[in-house]
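The values are calculated or read from the model by the stated rules, or taken from the named source; none is laboratory data. As the structure is a computational prediction, the values presented were derived from the model and not from experiment. Cβ: placed from backbone, ideal geometry, glycine included. Neighbour counts: every protein chain shown. Heads up: the accessible areas ignore ligands, DNA and RNA and are worked out on the full protein's heavy atoms, side chains in. Shrake-Rupley method; radii C 1.70, N 1.55, O 1.52, S 1.80 Å.
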Amino acid sequence: GQDEEQDALRALERFVRDGNVEIENTAEYIEGSVHPHGRLYLEDLRSGRFSVQAHLDLHGLNLQDARFVLEEFLLESVRRGFTCVRVIHGRGRHSHKHHSVLKEYIQRWLCTRRMSRHVIAYTSARRCDGGGGAVYVLLRK
């Protein structure tokens, strides 16, 4: 009940005070492990330990085009033996209700049967790589 909520809030306050608040604690942050072992890589992926070997900018594309381009990009990246790529989806500032529709769809698409066999995990990019407006995607060899 209320006690639990209070505890959770206190823990959060402590964390915010003492911990380093990075993008993963903001509402913009997304992550997911598509492969069963994907969780093991989230930390490294999030902190930029994998070097980005290619990137794709989906800004301004409609959903249909974005999905097609993303699939082609990932397949090509896999063919080239890339491990980590970055996909820029933007923050949706110019779209309906200032809300990144693309970001939501990218999460869904990465989990579809067609794409999931190539994807291990994804996380929002570090601030220097576009933050909440981009995702790192870790690909299977």
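Miscellaneous remarks
- Some residue of region 77-98 being open to solvent by less than 20 Å² (accessible area, probe 1.4 Å) and modelled with pLDDT under 90: yes
- Checked against (1) under 14 Å from the mean Cα position of the chain (by Cα); (2) surrounded by 12 or more Cβ atoms within 10 Å (Cβ to Cβ), Arg108 passes all but a single condition, namely (2).
- The C-beta contact set for region 120-134 (first residue within 17 Å of Gly38 (Cβ to Cβ), second residue basic (Lys, Arg), distance under 7 angstrom, 6+ apart or interchain) comprises Ile120/Arg140; Thr123/Arg46; Ala125/Arg86.
- Just one of the listed residues (Arg17, Arg10, Arg49) is open to solvent by 80 Å² or more (accessible area, probe 1.4 Å), modelled with pLDDT of 90 or more and of a type outside the set (A, V, I, L, M), namely Arg49.
- Condition met for Ala54 (modelled with pLDDT under 95 and of a type in the set (A, V, I, L, M, F, W, C)): no
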